[in-house]
1. Determine the shielding of peptide A:56-67 by partner chains: average, over its residues, the number of Cβ atoms on other chains within 10 angstrom of each Cβ.
2. Gaussian network model of chain A, Cα springs within a sub-10 Å range: biggest mean-square fluctuation belongs to which of A:115, A:300, A:279?
3. Cut-off under 25 Å on the C-alpha distance; same-chain residues fewer than 8 positions from residue B:27 excluded. Which lysines are left, in chain and number order?
4. Within 10 Å of each residue's Cβ, count the other Cβ atoms and sort B:34, A:388 from fewest upward.
5. Which order results if A:198, B:18 are arranged by neighbouring Cβ count within 10 Å, fewest first?
6. Can you give the mean number of other chain Cβ atoms that lie within 10 Å of the Cβ atoms in peptide A:165-172?
7. Determine which lysines satisfy two conditions relative to residue B:126: a Cα distance under 26 Å, and not lying fewer than 8 residues away in the same chain.
8. Simple spin-label model, 7 Å along Cα-to-Cβ: residue B:69 to residue A:13 in nm?
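We did not get these values from a lab; they are worked out from the coordinates using the rules stated. Keep in mind it's a predicted model, so treat the numbers as computed, not measured. No Cβ is skipped: glycine too gets one built from the backbone with ideal geometry, and neighbour counts run over all protein chains shown.
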Amino acid sequence: MGKLLYSPKLLAIAIAAIAALLVSVAGGALGASFGLGFLGGPIPFISIPAERVAYIGSYPLLNSTVMFWVGGFVLIFIAWRAGRNVKDIPSGWQNLMEMIYEFFSNTVDGVAGGTPKAGRRFLALVSTIFLVVMIINWVGILPGVGSIGRIESIEEWVHHHAAELEADVGASNPEYNQEQIEAAALVHLLEEHGSDTFVAFDGIFVPLGQGEQARVPLNKIVSFTDADLHEIELAIEHGDDLAHVGTLESIHHDIEAGVVKSKFTYDVGGDKETDYNFTGRTAGLLVPYFRGASTDINTTLAIAIIAMFTVQLWGFRALGVRGYGGKFLVNPITKGPIATFVGVLEAFGELTRTISFTFRLFGNMFAGEILLIAMAFLLPLIGIIPFMGLELFVGVIQAYIFAMLTLVFGVMAVASHGDHDSHAEDH
Amino acid sequence: MEALGITLQQLLTQLVSFLILFFLLYKLAYGPIMGMLDSRAQKIKESLEAAENARLEAASSAERVEAEIASARIDGQKIVAEARDAASKLREQEQGRARVEVETMIERARTDIGREKDAAVEEVRKEFASLVIAAAERIVEGSLDAKSHSKLIDKVLEEGLSKRNN
C-alpha cells in the first residue's frame with residue numbers, strides 16, 4: 001500500500017480502476033434503482049431459437065449460421081496457412097496446428113490402446129470436433145455478437161407470429177376464407193402476447209439511461225380491449241364483412257405504425273410505480289446479426305448427430321454388422337430376455353448420448369451468453385471482463401469434452417466384447 | 001421442437017456446414033500435416049540410426065588409429081635398435097680393420113727395419129771384414145793369404161756377435 005502511494009503511475013491506475021468500478025456500479029442495474037443507471041441498456045430479448053437475419057430466396061438465414069461460417073472461415077484460414085507449405089522445421093501457423101494435431105494424435109493413440117497409430121481412424125473427426133466447437137464458442141463471445149442487429153418492427157413481428165397461427169387456424173376451421181383466417185390469427189396473437197414487451201428505440205439506438213425500463217408492453221403500442229377482440233371474433237364467426245369492423249382496422253393501423261401510443265407505469269419493485277413516457281418512439285425487437293453458433297440447438301445437434309453416427313460407423317467397420325449389431329439386437333430365445341433388454345437399453349443409450357451431447361454444449365454456451373448479458377447489465381463497464389475470460393475457458397473445455405467423449409464412445413464401439421464372443425461359442 | 005428452434009432446414013444446414021468444414025480441414029491441414037509428421041518421424045528414426053552408425057564407426061576407427069600408432073611405435077623402436085646395432089657393428093668392424101691395418105703397418109715397418117738392419121749389419125760386417133783384412137794385411141804383411149785371414153776374422157766376428165747377442 002505504501003508503495004502504491006509513492007508511485008504516481010500505480011496511483012493513477014488505482015484511481016482509474018476505482019472510478020471505473022464506481023461508474024459501472026452507479027450506471028448499472030444497481031444505480032437504476034436510485035434513479036441513475038445511465039449506462040444501462042434494455043435486457044435483450046432472450047430467445048432460444050436463433051433469429052432470422054435475412055432471406056435467401058425462401059431460405060431463412062439464421063444469425064447462428066452466420067457465426068458458424070465466420071468461425072469456419074477463421075478455421076479454414078488457419079488450416080490453409082498451416083498446411084499450404086509444410087516444412088520439416090515448422091514455423092508460425094504450422095507450429096500451432098501441429099501442436100494441436102500432435103496433442104490429439106497422442107491422446108487418441110493413448111485412449112485407443114497406447115500403441116502408435118492405434119487411434120488414427122478417430123484422429124480427424126476428434127480434432128475437427130475440437131477445433132470447430134472451440135472456434136464457434138470463441139467467435140460467439142466476441143463483442144458485438146448478440147448486441148448489434150436490426151430492429152424487427154411490430155409489423156414484422158406480428159407477421160411472423162401470425163403466420164404460424166394462421167396455419168393452425170386454417171387447419172381447425174376449414175370453412176374460413178383467407179381474410180377470416182388472418183383476422184382470427186391476429187386475435188389469437190393479441191390474446192396470447194398482449195403483455196409481451198418490446199423495446200422503445202430512439203431512432204435506431206436504445207436510449208441510454210433508461211435501463212431495463214425501456215421496454216414497452218404490446219398493449220401500449222396496439223390499443224385494444226378484450227371487448228374489441230370479442231367483437232372481432234363474433235364478426236368472424238358470423239361471417240360479416242371484416243372490412244367494416246372499425247376496431248380491426250384501427251388495430252391494423254397501430255401495428256403498421258408500431259409506435260408507443262401512451263404513457264405507462266412499470267412496476268420496478270417496492271411500493272412505488274414509476275411513470276414512463278416513450279410516446280412516439282418506435283417499438284420493436286433487436287434481432288442480432290450475429291449469434292454464437294453453439295447457442296443454437298441446430299448446430300449442437302448437428303455435430304452430435306455426426307459424432308454419434310460416425311461412432312456407429314466405426315463400430316460396424318471394426319466388428320462387422322453381426323458383431324456390432326449384436327450389441328443391440330440380442331436373440332431372446334438363445335441368450336435370454338434379460339440380454340435382449342440390455343441390448344435395447346444399449347441402443348437407447350446411443351440416442352441418449354446424442355441428446356446429452358446436444359444439450360451439454362448448448363446449455364453451457366447459452367448460459368454463458370446470458371451470464372455475459374447479465375453482467376453487462378449489472379456492472380456495465382467492468383463486470384464482463386472476468387466473465388469473458390471464464391467464457392473463453394468454458395469454450396475450450398466444452399470443445400475438449402465434446403471431442404474426448406466422441407473418442408471414448410468410438411473406442412468403446414470398436415472394442416469387441418470378449419465375454420460376448422465366448423458366450424456365443426458356448427451356445 | 002419449435003420452442004427450441006430445431007428445424008430440419010437449419011439442422012441440415014449445420015450438418016452440411018460441418019461436413020464441408022471437416023472436408024476442408026482435412027484437405028488443407030490434416031493431410032499435409034499428418035504426412036509431414038510421419039515423414040519427420042521416419043527421418044528422425046533414420047538420422048538416429050545414422051548417428052549410431054557414425055558413432056560406432058568413429059569408435060572403431062579410433063581403435064584402429066590407436067593400434068596403428070602402437071605398431072608404428074614398435075616399428076620405430078625396432079628400427080632405432082637395428083640402426084644402433086648396425087652402427088656399433090660398423091664401428092667394431094672399422095675398429096678391427098684399423099687395428100689390423102695398424103698391425104700390418106707395424107709389422108711391415110718392423111720387417112723393413114729388420115731387413116734394413118740385417119743389410120746394414122751385413123754391410124758393416126763386409127766393411128768391417130775388409131777393414132780388418134786390410135788392417136791385418138798391414139800387420140801381417142803377407143804371412144797369410146787373404147782367404148785364410150777372412151776365415152779367421154769371420155770366426156772371430158761370429159763368436160763376437162754371438163757373445164753380444166747372448
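1. 2
2. So, out of A:115, A:300, A:279, the one fluctuating most is A:115.
3. Within the straight-line cut-off, residue B:27 pairs with A:87, A:117, B:43.
4. Lowest count first: A:388, B:34.
5. B:18, A:198
6. Neighbouring Cβ atoms belonging to other protein chains average 0 per residue here.
7. B:117, B:147, B:151, B:155, B:163
8. Modelled inter-label distance: 6.3 nm.
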